[in-house]
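See structure below.
The values are calculated or read from the model by the stated rules, or taken from the named source; none is laboratory data. All values reported here derive from a predicted model rather than from experimental measurement. Cβ placement follows ideal geometry from the backbone for every residue including glycine, while neighbour counts extend to all protein chains displayed.
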Amino acid sequence: MATSMNQPTTQQLYDDLSTALSSRDTTAALEQLDIICRVHPHHGGAWELRGLLQAQAGRPNLAVRYFEQARELGSLEVWSSRIMALQYLEIGRDKTAVGLLYTIGVSLPLATAMSRLISHDLLTLGHPELSAGVIRTALDRDRNEPLLWHELSAIQSRLGEPPLECLKSAERAILLAPQIAEFRVTAATLLIQMDQSLEAYEMVRQVVSPESIELDCECCLWRLICIFDCFDDHDRMAVCYRRLRSLSA
């Protein structure tokens, strides 16, 4: 009877886990999760959290083991599924990782930010065709998201599609968000590839005043400087140079 009375309740176990997590004590949290998973082996969320913490601790083999156990008990959260894929990469299971990332990207109703993140993962791993598939799937759900159209334009370039096709996607992004300078820089770059320098200049001068520019991408700023230099637009060149200095300060 005394042993039963001294046995912590499920609520107490999770309260102790919450305390460890709140104090950012990963070791204590993992120890508590070990107890929870032994006492309640069907608590999928505990196994999932265990996988996340092991991934954070740099132990991919254990992370994969716990994620797989959690997945047997129920669906993982999207973020956990992505982390699981990255852990597969860490242990040399690249094909499994790529397959999981693509499955996440095309089978789940992802937020735009997550679709772009998964797409970028696949692009980084050398699979632009799968990356494009993720973005096109996201666009099927939301045709009015300019970030997705801009992303698609960049991926089309990586796939070697003609500049005109890439430009169509960039122009759709501009139509939806005409004030975003980065979209216009992408379009201008494509226009230059098509020997349409004047059109490229007109494309970007609309979002760069002689006094200021709202752009944080250094690569884009250098591209703008090259375009403005070709047309002796020294005021806009100076604005871009000032912006570069402020970003590096």
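Answer yes if at least one residue in the range 159-182 is in contact with a Ser or Thr (Cβ under 7 Å, 6 or more places away or on another chain) and among the β-branched types (Val, Ile, Thr), and no otherwise. Checking the range 159-182: not a single residue is in contact with a Ser or Thr (Cβ under 7 Å, 6 or more places away or on another chain) and among the β-branched types (Val, Ile, Thr).
Output the helices (runs of 4 or more DSSP H) that fall wholly within the range 1-99 and possess 2 or more residues being modelled with pLDDT of 95 or more, or say none.
Working: elements: 2-6, 10-22, 26-39, 44-56, 60-73, 78-90.
In the range 1-99, the matching helices (runs of 4 or more DSSP H) lie at 44-56, 60-73, 78-90.
Could you list, in sequence order, all residues of the range 182-229 that are within 15 Å of Tyr241 (Cα to Cα) and among the aliphatic types (A, V, I, L, M)? Passing the criteria: Val208, Ile213, Leu215, Leu221, Leu224, Ile225, Ile227.
Taking the criterion of being at pLDDT 95 or above, surrounded by fewer than 22 Cβ atoms within 10 Å (Cβ to Cβ) and in contact with an Asp or Glu (Cβ under 9 Å, 6 or more places away or on another chain), the only residue of the range 164-181 that qualifies is Leu176.
Of all residues in the range 28-44, those that are over 17 Å from Leu62 (Cβ atoms) have Cβ atoms under 7 Å from Cβ atoms of residues that are surrounded by 14 or more Cβ atoms within 10 Å (Cβ to Cβ) and among the small types (Gly, Ala, Ser), 6 or more apart or on another chain, in His40/Ala46.
Counting the residues of the range 134-162 that are in contact with a Gly (Cβ under 7 Å, 6 or more places away or on another chain) and surrounded by fewer than 24 Cβ atoms within 10 Å (Cβ to Cβ) gives 1. Could we say that Val185 is surrounded by 14 or more Cβ atoms within 10 Å (Cβ to Cβ), of a type in the set (Val, Ile, Thr) and under 27 Å from Asp235 (Cα atoms) here? Judged against the criteria, Val185 is a match.
Can Asp140 be described as farther than 28 Å from Glu218 by Cβ, modelled with pLDDT of 95 or more and of a type outside the set (Phe, Trp, Tyr)? Walk me through how you get there before you give the answer.
On the way: farther than 28 Å from Glu218 by Cβ: yes; modelled with pLDDT of 95 or more: yes; of a type outside the set (Phe, Trp, Tyr): yes.
Against the criterion (farther than 28 Å from Glu218 by Cβ, modelled with pLDDT of 95 or more and of a type outside the set (Phe, Trp, Tyr)), Asp140 qualifies.
Restricting attention to the range 75-97, and to residues there that are among the small types (Gly, Ala, Ser) and out of contact with any helix residue (DSSP H, G or I) (no Cβ under 7 Å at 6 or more places or on another chain), which single residue is surrounded by the fewest Cβ atoms within 10 Å (Cβ to Cβ)? Result: Gly92. Considering the range 202-238 alone, what residues qualify as being farther than 19 Å from Leu191 by Cα, within 30 Å of the chain's Cα centre (by Cα) and part of a helix (DSSP H, G or I)? Correct list: Glu218 only. You will find that of Leu152, Leu198, Leu148, the residue that is farther than 24 Å from Met114 by Cβ and part of a helix (DSSP H, G or I) is Leu198 and no other. When the range 94-110 is filtered for residues that are over 17 Å from the mean Cα position of the chain (by Cα) and in contact (Cβ under 8 Å) with a residue 12 or more places away in the chain, only Asp94 remains.
Yes or no: Arg59 more than 29 Å from Ile36 (Cα to Cα), surrounded by fewer than 21 Cβ atoms within 10 Å (Cβ to Cβ) and not acidic (Asp, Glu)? Answer is no for this residue.
Being under 29 Å from Thr124 (Cα atoms), touching a Pro at 6+ places or on another chain (Cβ under 6 Å), touching a residue at least 24 places away in the same chain (Cβ under 8 Å) and surrounded by fewer than 19 Cβ atoms within 10 Å (Cβ to Cβ), is that true of even one residue in the range 209-227?
First pass over the range 209-227, keeping only residues under 29 Å from Thr124 (Cα atoms): 214-227.
From what is left, the residues that are touching a Pro at 6+ places or on another chain (Cβ under 6 Å) are none.
No, because not a single residue in the range 209-227 is under 29 Å from Thr124 (Cα atoms), touching a Pro at 6+ places or on another chain (Cβ under 6 Å), touching a residue at least 24 places away in the same chain (Cβ under 8 Å) and surrounded by fewer than 19 Cβ atoms within 10 Å (Cβ to Cβ).
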